[in-house]
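Asks: Sharing a structure, written as structure tokens. Questions coming.
The values are calculated or read from the model by the stated rules, or taken from the named source; none is laboratory data. Note that the structure is a prediction, hence the values are computed from the model and not measured. Cβ sites come from the backbone with ideal geometry, for glycine too, and all protein chains shown count toward neighbours.
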Amino acid sequence: MNTGLFTWHTHSDTLCDFKHGLTIAQNSGAKSLLVLTCSQNHYPEDKLSSLFSACPLTIFGGIYPMLTLQNTLLKQGALIIGFNETFDVTVFSQLHQVGTEDKLEDVITTTLDQKNNYCGHDNFLMFYDSLLNNIENFIDCLFECLDHGINIAGGGAGSLDFIQRPCIFTNQGLHSNAALLVTLPSKLSTGVGHGWRIFQGPFLVSDAHGQTVQSLNYQPALEVYCQAIESASEHRFNSDNFFDIAKNFPLGIEDINDNLIVREPISADNNHLQWLGNIPINSMVYLLESDTETLISSAEQAAITAFSTASEITSTSMIFDCISRVLYMEDKFEQELDVIAKHCPTPILFGVLSLGEIANSASGAICLLNKSTVISSW
């Protein structure tokens, strides 16, 4: 099944150029459009919403810090992928207002029942607002509601300043606090890698709430984190350089299969640490480290895994790669794109630099990842 129809991209950050590309896409014969834009474009939200609302084709996608096409990095501009099939797109909106697991299940079940066409569909892409505060509860409930045996890949949308703005695209316009579930017309194959290893630890998470860790080993979390890094490296923290150092030392949570789930540090305040993902209280965590060669090798292995299990009729490949890998590797990041492209058998390879990644764990459950590479083909 040749689902990939065409690609259009621009390095321009002007709405005029994007509007031109959308017009080309609408006249191409495609039935569905995956639309991705860079956060640095700063398109006016109202004008972008008007363009989507007026589009007769199915639209899905979002705003991301950066994009990729083949082995090229787009720091500004836009990317449109056209498909021959009409993809089924479901938006779960205002999820931040849904406080309990029971209510989340009700929202998910009700929304899916209204679609009335999810039976037999097991392959999905997911685009979500990266600053949605209950995203992990949502994906846990989604996994239960979809009867487990699903394949999924996705990534968090937004911008690097961590200011929440509408960032998810549908024909209804732009959304915040939302997750988008897209049903794929063929089997999804994925490969996942992160390349991080243990640097210090373990540490007991003695006090935490959601994505905020108040204490490690019954001591203020920030103090423990900084002391552990300074005692075993040349790095020294001051009032201005927390993120410059912290991007090198994420947190690792060991799962039941002894695999490390990586958590990205995003801020430090009042001796507390904020992460891009939940940190369970009473869990044992590690500080992690890596190097450019290991990160690139992990991405290559993810590519080999994804593409070796892909169907012969696979035509499209998409990467959800953490933006922090670019920040860590800087100019060497394109080497990661090179090794992925080297193994890619499909004519279309594109991706997003995301703020959180979604993939199945070894047990099959849907998992939120950070600092990772998720490669998907369908």
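Asks: Just to check your reading of the model, which residue among Ser324, Ser298, Ser354, Ser283 is of a type in the set (S, T, N, Q) and assigned by TED's automatic domain parsing to the domain that holds Asp244?
Replies: Working: Ser324 fails: assigned by TED's automatic domain parsing to the domain that holds Asp244; Ser298 fails: assigned by TED's automatic domain parsing to the domain that holds Asp244; Ser354 fails: assigned by TED's automatic domain parsing to the domain that holds Asp244.
Only one candidate qualifies: Ser283.
Asks: Further question on the same structure: With respect to Glu223, determine if the residue is part of a helix (DSSP H, G or I) and assigned by TED's automatic domain parsing to the domain that holds Ile80. Reasoning before the result, please.
Replies: Numbers: part of a helix (DSSP H, G or I): yes; assigned by TED's automatic domain parsing to the domain that holds Ile80: no.
Answer is no for this residue.
Asks: Another question, then. Name the residues in the stretch 52-82 that are among the aliphatic types (A, V, I, L, M) and touching a strand residue (DSSP E or B) at 6+ places or on another chain (Cβ under 8 Å), would you?
Replies: Filtering the stretch 52-82 for residues among the aliphatic types (A, V, I, L, M) gives 54, 57, 59, 63, 66-67, 69, 73-74, 78-81.
Answer for the stretch 52-82, where residues must be among the aliphatic types (A, V, I, L, M) and touching a strand residue (DSSP E or B) at 6+ places or on another chain (Cβ under 8 Å): Leu57, Ile59, Ile63, Met66, Leu67, Leu69, Leu73, Leu74, Ala78, Leu79, Ile80, Ile81.
Asks: Let me ask something else about it. Take Glu223 and tell me if it is modelled with pLDDT under 95 and acidic (Asp, Glu).
Replies: no
Asks: Does Phe124 qualify as being touching a His at 6+ places or on another chain (Cβ under 9 Å), at pLDDT 90 or above and either part of a strand (DSSP E or B) or of a type in the set (D, E, K, R) (or both)?
Replies: Here the answer is no, as Phe124 does not meet what is asked.
Asks: Only one of Phe333, Phe320, Phe350, Phe307 is among the aromatic types (Phe, Trp, Tyr), within 30 Å of Arg165 (Cα to Cα) and part of a helix (DSSP H, G or I); which?
Replies: The unique qualifying residue is Phe333.
Asks: OK, next. Taking the stretch 150-171, which residues are out of contact with any helix residue (DSSP H, G or I) (no Cβ under 8 Å at 6 or more places or on another chain) and part of a strand (DSSP E or B)?
Replies: Of everything in the stretch 150-171, those that are out of contact with any helix residue (DSSP H, G or I) (no Cβ under 8 Å at 6 or more places or on another chain) and part of a strand (DSSP E or B) turn out to be Asn151, Ile152, Ala153, Gly154, Gly155, Ala157, Ile168.
Asks: Are any residues in the stretch 3-37 in contact with a Pro (Cβ under 7 Å, 6 or more places away or on another chain) and either among the β-branched types (Val, Ile, Thr) or under 18 Å from Pro166 (Cβ atoms) (or both), and if so, which ones?
Replies: The answer is Thr3, Leu15.
Asks: So in the stretch 353-378, with the set limited to residues that are at pLDDT 95 or above and not in a strand (DSSP E or B), which one is nearest to Cys141 (Cα to Cα)?
Replies: So the residue we want is Gly356.
Asks: Considering only the stretch 113-142, how many residues are surrounded by fewer than 19 Cβ atoms within 10 Å (Cβ to Cβ) and either within 19 Å of Ile59 (Cβ to Cβ) or of a type in the set (A, V, I, L, M, F, W, C) (or both)?
Replies: 3
Asks: While we're on this one: Look at Leu184 and say whether it is in contact (Cβ under 8 Å) with a residue 60 or more places away in the chain and crowded, with 18+ Cβ neighbours inside 10 Å. Full working, then the answer.
Replies: On the way: in contact (Cβ under 8 Å) with a residue 60 or more places away in the chain: yes; crowded, with 18+ Cβ neighbours inside 10 Å: yes.
Yes; evaluated as a whole, the condition is true for this residue.
Asks: Can you tell which of Ile256, Ile168, Ile261, Ile229 is under 30 Å from Ile340 (Cβ atoms) and more than 21 Å from the chain's Cα centre (by Cα)?
Replies: Of the residues listed, the single one that is under 30 Å from Ile340 (Cβ atoms) and more than 21 Å from the chain's Cα centre (by Cα) is Ile256.
Asks: Follow-up question, since we're still on this one. Could you give me the residue pairs with C-beta distances under 7 Å whose first residue belongs to the stretch 354-374 and is closer than 16 Å to Gln211 by Cβ, whose second residue is charged (D, E, K, R) and in a loop (DSSP other than H, G, I, E, B) wherever it lies, and which are 6+ apart or on separate chains?
Replies: Short answer, once both residue conditions are applied: Asn370/Glu264; Lys371/Glu264.
Asks: Kindly provide the set of residues from the stretch 265-285 that are closer than 22 Å to Asn241 by Cβ and in a strand (DSSP E or B), ordered by number.
Replies: Scanning the stretch 265-285 gives Pro265, Ile266, Ser267, Ala268, Asp269, His272, Leu273, Gln274, Trp275.
Asks: Here's something else I'd like to know. When only residues in the stretch 183-201 that are part of a loop (DSSP other than H, G, I, E, B) and among the small types (Gly, Ala, Ser) count, which is nearest to Ala157 (Cα to Cα)?
Replies: Gly195
Asks: Further question on the same structure: Go through Leu174, Leu180, Leu204 for me and flag whichever is in contact with a helix residue (DSSP H, G or I) (Cβ under 8 Å, 6 or more places away or on another chain) and in a strand (DSSP E or B).
Replies: Working: Leu180 fails: in contact with a helix residue (DSSP H, G or I) (Cβ under 8 Å, 6 or more places away or on another chain); Leu204 fails: in contact with a helix residue (DSSP H, G or I) (Cβ under 8 Å, 6 or more places away or on another chain).
Residue meeting the stated conditions: Leu174.
Asks: Right, something else. Go through the stretch 146-181 and count every residue that is in contact (Cβ under 8 Å) with a residue 40 or more places away in the chain and either aromatic (Phe, Trp, Tyr) or farther than 22 Å from Ser361 by Cα (or both).
Replies: Adding up the residues that qualify gives 18.
Asks: Within the stretch 207-220, which residues are part of a strand (DSSP E or B) and in contact with a Leu (Cβ under 8 Å, 6 or more places away or on another chain)?
Replies: Thr212, Val213, Leu216
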